[in-house]
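Here's the structure, in structure tokens; my notes come after.
The values are calculated or read from the model by the stated rules, or taken from the named source; none is laboratory data. On a predicted model such as this, the values are computed, not experimentally measured, just so you know. When we count neighbours, we look across all protein chains shown, and the Cβ atoms used for this are built from the backbone with ideal geometry, even at glycine.
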Amino acid sequence: MSWELILINVLAIACIVLAFTTYNLMIKNEKLEDIIHSYREYITKLQEQISFTEKKVKEIDERGTFQSDDEIGWFFKNIKTLQESLSKFKIDV
């Protein structure tokens, strides 16, 4: 066998291996893109829920109806604190 034939065989095998690895990486990349898309949808829905809850808590707080009762006032104050903590995670898009 001549060295040219050996070189051609080595290059052919290298091309096949590179094609396989490229295809494999493409499939993995597509799966990861799907995961990122689902995370993006989840984060968007979570942000919408945080905004809605924040708006409702502010509406209730403006009326001041829950602050008059001691037990409910304590509970409402804790809910308000939790809502403020959640609002820190809101990203303006």
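Residue-wise test of (1) part of a helix (DSSP H, G or I); (2) in contact (Cβ under 8 Å) with a residue 12 or more places away in the chain; (3) on the phi > 0 side of the Ramachandran plot; (4) among the small types (Gly, Ala, Ser).
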| residue | (1), (2), (3), (4) |
| --- | --- |
| Leu7 | yes, no, no, no |
| Ala14 | yes, no, no, yes |
| Val17 | yes, no, no, no |
| Phe20 | yes, no, no, no |
| Met26 | yes, no, no, no |
| Lys31 | yes, no, no, no |
| Ile36 | yes, no, no, no |
| Tyr39 | yes, no, no, no |
| Thr44 | yes, yes, no, no |
Return the pairs, sorted by first residue and then second, in which the second residue is acidic (Asp, Glu) and loosely packed, with under 12 Cβ neighbours inside 10 Å, the first residue lies in region 50-71 and is modelled with pLDDT of 65 or more, the beta carbons are less than 9 Å apart, and the residues are 6+ apart or on different chains. Glu54/Glu84; Val57/Glu84
